[in-house]
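Asker: Could you have a look at this structure, given as structure tokens, before my questions?
Only the coordinates and a few stated rules stand behind these numbers; no lab work does. Everything numeric in this text was worked out from a predicted model, so none of it was measured. Glycine also receives a Cβ, built like all others from the backbone with ideal geometry; neighbour counts cover every protein chain displayed.
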Amino acid sequence: MQNQLKALRVAKGWSQGELARRTGVTRQTINAVEGDKYDPSLPLAMRCARLLGVPVETLFTDIWEPEEEG
Amino acid sequence: MSESSTMDGPGGPDRRRRLARLAYGAFVGGVMGFTLTALALQWLGTAAPATLTLFQGIALIITAATGAIGGIMVAMSFSRRLYNIENQSDESDPEEYGDAAPLLRFAGTGLLATAVQFAALALPPERGAGDIVLPLIMAALLVQLWANWQLWQRSDELRRAVTLEGAAIALAAIILIISLWAPLAIYGHVGFDPLAVVIVITLANLVPSLWITHRRGL
């Protein structure tokens, strides 16, 4: 899943460690999410979105599209 | 792609730093592994590995590997300097060591207990004193259980996900291997050595765990 976590975090002036502290996870977890090596849990995704002031779907984007019926 | 690797380029500073860390780890691990194996062989009272069975030899290799890695992890948990050599990145946080040290200590303690367990298992039964070896193995298993529990309690969601993913693959691999092994052994095509069973279970757990840990960027 693609995400804008790094761009929005840097725009906020926070380090990975700072965001990790605010969300209650380790820096490695933030690094893994930013590097697309780990999809966060829904609570962590929502915490990140809230802290960065954007909707979850702005922070995380899925290229999946529903099949057209018919 | 991880943040640190976005600065990576052929011969770039990040690449050189990673290679230096790899060389350092290989050197320390190699020295510790060689020392532990030599000590284990001395403990067994033989300098000739040919006198060991295949599985005793594998048990000694596991002893050396888990002992070396566990030793490095415990050493890093007590030394900020060692930790920084191994974990320097552009995003490293001065406070990170305080959070990582207990995790390293418990993970390393679990691996050291595994090393003790396999060193004791490698001891030929006819030469080993059961009165000492059996309580030693039980104690090692209890230490592993305690260390793993402590590690789980202190882990965040990524580490827990890695643990669960590794455990799921290990369970599937163990069920497959034992289910194939049992009928072949019952019909006399292969042997069924208890030491081999422990080795298979341990490797089926360790190998996927290490692979997933690497894959998830830990």
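One line per residue, one yes/no per condition, for (1) in contact with a strand residue (DSSP E or B) (Cβ under 6 Å, 6 or more places away or on another chain); (2) more than 14 Å from every other protein chain (Cβ to nearest Cβ); (3) within 24 Å of A:Val33 (Cβ to Cβ); (4) surrounded by 14 or more Cβ atoms within 10 Å (Cβ to Cβ):
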{"site": "B:Ala115", "(1), (2), (3), (4)": "no, yes, no, yes"}
{"site": "B:Leu136", "(1), (2), (3), (4)": "no, yes, no, yes"}
{"site": "B:Leu142", "(1), (2), (3), (4)": "no, yes, no, no"}
{"site": "B:Leu145", "(1), (2), (3), (4)": "no, yes, no, no"}
{"site": "B:Asp156", "(1), (2), (3), (4)": "no, no, yes, yes"}
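Asker: Within segment A:41-65, how many residues turn out to be in contact with a Lys or Arg (Cβ under 9 Å, 6 or more places away or on another chain), within 14 Å of another protein chain (Cβ to nearest Cβ) and either crowded, with 20+ Cβ neighbours inside 10 Å or of a type outside the set (Lys, Arg) (or both)?
Answerer: The qualifying residues number 1.
Asker: Then there's this: How about segment B:74-84: which of its residues are in a helix (DSSP H, G or I) and surrounded by fewer than 22 Cβ atoms within 10 Å (Cβ to Cβ)?
Answerer: Hits for segment B:74-84 are B:Val74, B:Ala75, B:Ser77, B:Phe78, B:Arg80, B:Arg81, B:Leu82, B:Tyr83, B:Asn84.
Asker: Is it the case that segment A:21-29 has a residue that's more than 7 Å from chain B (Cβ to nearest Cβ) and more than 23 Å from B:Leu104 (Cα to Cα)?
Answerer: no
Asker: Then there is this: Got at least one residue in segment B:134-146 being of a type in the set (A, V, I, L, M, F, W, C), out of contact with any Pro (no Cβ under 9 Å at 6 or more places or on another chain) and farther than 30 Å from B:Ala101 by Cα?
Answerer: yes
Asker: Go over the candidates B:Leu164, B:Leu171, B:Leu158 one by one and state the one that is part of a helix (DSSP H, G or I) and over 19 Å from the mean Cα position of the chain (by Cα).
Answerer: B:Leu158
Asker: May I ask you to list pairs of residues, at least six apart or on different chains, whose Cβ atoms are under 9 Å apart, with the first in segment B:191-208 being touching a residue at least 24 places away in the same chain (Cβ under 8 Å) and outside any helix (DSSP H, G or I) and the second being surrounded by fewer than 17 Cβ atoms within 10 Å (Cβ to Cβ) and of a type in the set (S, T, N, Q)?
Answerer: As it stands, the answer is B:Asp193/B:Thr53, since those pairs meet every condition given.
Asker: Test A:Val10 against the stated conditions and say whether it is in a helix (DSSP H, G or I), farther than 21 Å from B:Val162 by Cα and of a type in the set (A, V, I, L, M, F, W, C).
Answerer: It is true that A:Val10 is in a helix (DSSP H, G or I), farther than 21 Å from B:Val162 by Cα and of a type in the set (A, V, I, L, M, F, W, C).
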